[in-house]
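Any read-out appearing in this document is the output of simple, stated calculations on the displayed coordinates, not a laboratory observation. Every value quoted in this text rests on a predicted model; they were computed, and no experiment measured them. Glycine gets a Cβ as well: all are built from the backbone with ideal geometry, and neighbour counts include every protein chain shown.
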Amino acid sequence: MKNEKIKLLINDIGTNGEGVANKDGVTYFVPFCLPKEEVEATVTFKKGNVAQAKLEKIVKSVNGRCQAACKNFTLCGGCQLQHMNYCAQVSFKREKVKKNLKKIGGVDFDVNECVPSDKSFGYRNKLQIPVRKIGSKAVCGFFQSGSHKLVPVTHCPLQDEWADKVLKCVVDFVNENDIAVYDEVKKTGLVRHVVARYVENQLLLTVVINGDELTLWQKLKQKLDENFDRYGLFVNINKKHDNVILGNKTLHLCGLKHIQGDCLGVKFCLQPDSFFQINDFIRDKIYADAISLLDTSDCDIIVDAFSGVGILSGVLCKSGKQVFGIEIVKAAVEDADNLKKINNLKNLINICGDVNVELKNLCEKNSGKKIALVVDPPRKGLGQPTIEAILQAKPQNIVYISCDSATLSRDIKALSKVYEIKHCTPYDMFPQTDNVETLVVLKKIDE
């Protein structure tokens, strides 16, 4: 019954990091609990033999529990695992991948240990946060899970010191100059979101607005001048009243136009809206492992599907083979073409288009050639046309990089008639959260 107070013994942990308990034929899901803990909880939802509950009190704790580093933990919805020590977190993520492979993919595979991040806090190179008004003051903050109630934030432990400076600069600029802040209900106000990227001591700051120009932006520039040596300031125009953060038009106001960097010996450039992995250490580790695990000795061409700004494509070019990168985001392909130019990669061809269309076309144009394939899709995984193109072209081997082991497992099942898993390693790209990055190597089964 809803609002019922109940005592539970947590006996497992779910794939979203929540505690799982069974009592009187009902399965209860209770966030922020650990296996073998005894807890008191309040039932918030119940249907049939499944219920959700809110943790009220830890009656008996266990090894593995730790004090959360953030005062907003359990409130803002950004983290799910700060109550776990870091060793327990990486263990949980390995088990999560194993469970999804078995339950969804139908594969019982010996998953490697999860590769830990070098930093469990302060690891993010990207900040994306709404700006709203509470009382008479503008604040930045995160929405509570499942709601649009803003939790004010001046410091997020997942971000480093640079992010605190960005938040203060923007909030002070808005409040001191009486800049209107977006109101979701009235659909009025100007400043909506702050989006920032900080890589190799270079900042790109984008202020998302519900209008055509950022009033008095020079005042914000003055604050940035006092805090950052190398930065670029942009405004993104988004007048649509939905949950999409960025609009289609981004304007450069001053400073850097892009970030320049180096990854595994490949020089790259990033624009404000470029996709780029948020954890530098884990990104480099995954890319290095992907290169070493992809067998290119017996292939004619290499295809990097969902290639983003082209970093992995660039590293793959070192094999000497012809490399094709496929990416649907125009700005990312522009970055990839620039990467090709500054690294003098004559064996790289970047294709701007939908992988679901372009992979099939590419395989047909290269019929008879042996293909090695890398896929790094978004959370939704591979589309059915991509699955069909792979099954038809039958690349010799595939490296699949995934940010969602559930859709990864689903896709592996769809490919299982032709491919088998040879390697699976999780990587902790997102410490303190229930998300995990996974690298899988698939080999074509001998016919």
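Compute the distance in nm between two label points, each set 7 Å from the Cα along the Cα-to-Cβ direction, one at N49 and one at D24.
Those two pseudo-labels are separated by 1.5 nm.
Report, to two decimal places, the Cα Rg of the chain normalised by 2.2 N^0.38 Å (N = number of residues).
Normalised Cα radius of gyration, the chain: 1.05.
Grab the eigenvalues of the alpha-carbon gyration tensor for region 300-394, scale each by 5, take roots, and send me the semi-axes largest first in whole angstrom.
Sorted largest first and rounded, they come to 20, 16, 10 Å.
Give the order of H193, H258, H148, H83 when sorted by the count of other beta carbons within 10 angstrom, beginning with the fewest.
So the ranking, lowest neighbour count to highest, is H148, H258, H193, H83.
Among 261-269, 352-360, how do they line up from the highest to the lowest mean number of other beta-carbon atoms within 10 Å?
Result, highest mean Cβ count within 10 Å first: 352-360, 261-269.
Please compute the contact order of region 1-62 in relative form: average sequence separation of alpha-carbon pairs under 8 Å and at least six residues apart, divided by the residue count, as a percent.
33
Between S147 and H252, with labels modelled 7 Å along Cα→Cβ, what's the label distance in nm to one decimal, could you check?
Reported label-point gap for S147 and H252 is 4.3 nm.
Could you compute the FRET efficiency for E113 and D178, with r as their C-beta to C-beta distance and R0 at 45 Å, rounded to 0.05?
About 0.25, to the nearest 0.05.
In a solvent-free Debye calculation with one equal scatterer on each Cα, what is log10 I(q)/I(0) for region 353-447 at q = 0.17, 0.21, 0.22 Å⁻¹, listed in the order of the q values?
Values, matching the q order: -0.72, -1.05, -1.14.
Taking only the alpha-carbon atoms of region 1-62, what semi-axes of the equivalent ellipsoid follow from 5 times the gyration tensor eigenvalues under a square root, in whole Å, largest first?
So the three semi-axes of region 1-62 are 16, 12, 10 Å.
Please give the FRET efficiency for L293 paired with A69, using the beta carbon to beta carbon distance and R0 = 30 Å, rounded to the nearest 0.05.
The formula returns an efficiency of 0.30 here.
Where does each of 204-210, 44-50, 186-192 land if you order them by average Cβ count within 10 Å, highest first?
The packing order, highest mean first, is 204-210, 186-192, 44-50.
So what is the 222 nm mean residue ellipticity for the chain from helices alone, if each DSSP H run of at least 4 adds -39500 (n - 2.57) and you divide by all residues, rounding to the nearest 500 deg cm²/dmol?
Calculated mean residue ellipticity at 222 nm is -7500 deg cm²/dmol.
Determine the relative contact order of the chain: mean sequence separation of Cα pairs under 8 Å and six or more apart, normalised by residue count, in whole percent.
13 percent.
Give me the net charge of D212's neighbourhood, meaning all other residues with Cβ under 10 Å from the Cβ of D212; Lys, Arg count +1, Asp, Glu -1.
With Lys, Arg at +1 and Asp, Glu at -1, the net is +1.
Taking the convex hull of the Cα atoms, report for region 185-312 its projected area averaged over all directions, in nm².
The orientation-averaged projected area of the Cα hull of region 185-312 comes to 10.1 nm².
Taking the convex hull of the alpha carbon atoms in region 115-222, what volume per residue do you get, in Å³?
Here the figure is 120 Å³ per residue.
Run the quick spin-label model on K321 and E213: label points 7 Å from Cα toward the beta carbon, then report their separation in nm to one decimal.
Spacing of the two 7 Å Cα→Cβ label points: 5.3 nm.
Antiparallel DSSP bridges in the chain: what percent, to the nearest 5?
Of the beta bridges lying entirely in the chain, close to 70 percent run antiparallel.
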